[in-house]
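Beneath this line is the structure, given in structure tokens, with notes to follow.
The values are calculated or read from the model by the stated rules, or taken from the named source; none is laboratory data. The model shown is predicted, which means the values in this text are computed figures rather than measured ones. Using ideal geometry, Cβ is built from the backbone for each residue, glycine included, and neighbour counts are taken over all protein chains shown. What goes into the accessible areas is simple: the full protein's heavy atoms, side chains included, and nothing from ligands, DNA or RNA. Shrake-Rupley method; radii C 1.70, N 1.55, O 1.52, S 1.80 Å.
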Amino acid sequence: MLIVMDQKATPEEIDVVLAVIEERGYTARPIPGGERVSIGILNNKGPVDASQFLGLPGVKDAIPVTRPYKLVSREFRLENTVIQVGDVSVGNDGLLIVAGPCAVESESQALTIAKHVRGAGAHLFRGGAYKPRTSPYSFQGLGKEGLEILARVRESTGMPVVTEVMDFETFDLVEEYADVIQIGTRNMQNFSLLRRAGQARKPILLKRGMAATIDEWLMAAEYILEGGNSNVILCERGVRTFVHHSRNTLDLSAVSVVLKESHLPIIVDPSHAAGRRDQVIPLSRAAVAVGAQGLMVEVHHAPEKALSDGAQSLYPHQFERLCRQVRTIFNNLKADETSS
Ligand code: PEP
Ligand code: MN
């Protein structure tokens, strides 16, 4: 249940509502809004009786929350969540572009790619220091050295960095270096990692599990919000299907569902969905057309030499074309929406 306070509700009236919620053995979670305060009721085992709250001074409404996820749902918060990463706003009315190599391989590799993608207009730089690889014999990432390289890339280009955390043990270290902490598809339901992410001081980029339903994905995000971190960016990256013409199947309909169901920003990773370079630009165009608030794209200046995911990495000139094309689509849609 969501208790919506009157715009003119006083702090004392809000305190009374909080006390009544706690007295009933529930947890109260105030959600400050632009115009009014709302208070979420958590940890109720069954339905909550709205009449307990409707008569209290300053209470405007008591809305039942019908979804299994609460804090992430639009029923709890109507306005989009906007997340600030340095100077970059995520989830506002701009289009976020995150780009970089799959893995940080060396300082010169990371810096070369970072300069290319920044020149094309990327806002955030991505690169894995800890890589979840299918084979234990594949390149596993540079670890701490990779994080230090990312810090130098941020310093010399001004771009905030996104990098993946793979386990609980390295969380503190990754949190120290990253501007946005990525939780990958394989860890989407690693609940102890999600709980740790809930305590993080940095935004979390939560990728959809490759076989996860939207409910499971939003429930995973719920763990992070419930733990106290409300800065979660969702990332659709394709799901496993029977097809062989792409590595995964990009579930574009998930974007429109998530936009409706949740106030959290939703972006799309066309690179891991496609698994091959020739599909990345078309999928990016489609993702923006369907309403994605951003893209995360793998780019490499020499993909044939890349230590991971070279086949799906764009050459810099292709990434420039992608940026031009998606901006055209995004701006046209925005112009149409503001004129109608
Ligand atoms: C990645 O972004 O580098 C990655 C490993 O992605 P995913 O978790 O979606 O496979
Ligand atoms: Mn990759």
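Annotations for the structure displayed:
- Number of positions in the stretch 257-286 that are within 15 Å of the chain's Cα centre (by Cα) and within 19 Å of Gly94 (Cα to Cα): 11
- When the residues of the stretch 305-340 are filtered to those that are in a helix (DSSP H, G or I) and hydroxyl-bearing (Ser, Thr, Tyr), the one that is surrounded by the most Cβ atoms within 10 Å (Cβ to Cβ) is Thr328.
- For the stretch 289-300, filtered to residues that are part of a loop (DSSP other than H, G, I, E, B) and buried (at least 18 other Cβ atoms within 10 Å of the Cβ), the residue that is farthest from ligand 1 (Cβ to nearest atom) is Gln293.
- The sole residue among Glu35, Glu12, Glu105 that is modelled with pLDDT under 90 and either acidic (Asp, Glu) or in the same structural domain as Ile181 (by TED's automatic domain parsing) (or both) is Glu35.
- The residue that is farthest from ligand 1 (Cβ to nearest atom), counting only those in the stretch 191-243 that are open to solvent by less than 20 Å² (accessible area, probe 1.4 Å) and in a loop (DSSP other than H, G, I, E, B), is Asn229.
- For the stretch 159-175, the candidate set comprises residues that are of a type outside the set (A, V, I, L, M) and touching a residue at least 12 places away in the same chain (Cβ under 8 Å); within that set, the residue that is surrounded by the fewest Cβ atoms within 10 Å (Cβ to Cβ) is Phe168.
- So His263, is it within 23 Å of Ile83 (Cβ to Cβ), open to solvent by less than 40 Å² (accessible area, probe 1.4 Å) and out of contact with any helix residue (DSSP H, G or I) (no Cβ under 9 Å at 6 or more places or on another chain): yes
- Test for Gly58: is it open to solvent by less than 70 Å² (accessible area, probe 1.4 Å), within 26 Å of Ala221 (Cα to Cα) and not aromatic (Phe, Trp, Tyr): no
- Any hit, the stretch 97-119, residues being assigned to a strand (DSSP E or B), of a type in the set (A, V, I, L, M), more than 14 Å from ligand 1 (Cβ to nearest atom) and touching a strand residue (DSSP E or B) at 6+ places or on another chain (Cβ under 7 Å): yes
- Residue count for the stretch 64-120, restricted to those that are of a type in the set (Phe, Trp, Tyr) and either open to solvent by 40 Å² or more (accessible area, probe 1.4 Å) or under 23 Å from Lys334 (Cβ atoms) (or both): 0
- Scanning the stretch 4-52 for residues that are open to solvent by less than 60 Å² (accessible area, probe 1.4 Å) and assigned to a helix (DSSP H, G or I) yields Glu13, Ile14, Val17, Leu18, Ala19, Val20, Ile21, Gln52.
- Test: residue in the stretch 326-334 that is within 16 Å of ligand 1 (Cβ to nearest atom) and under 21 Å from the mean Cα position of the chain (by Cα): no
- Members of the stretch 266-288 that are in contact (Cβ under 8 Å) with a residue 40 or more places away in the chain and open to solvent by 10 Å² or more (accessible area, probe 1.4 Å): His272, Arg277, Ile281, Arg285
- Scanning the stretch 246-255 turns up no residue that is at pLDDT 95 or above, open to solvent by 40 Å² or more (accessible area, probe 1.4 Å), more than 30 Å from His317 (Cβ to Cβ) and basic (Lys, Arg).
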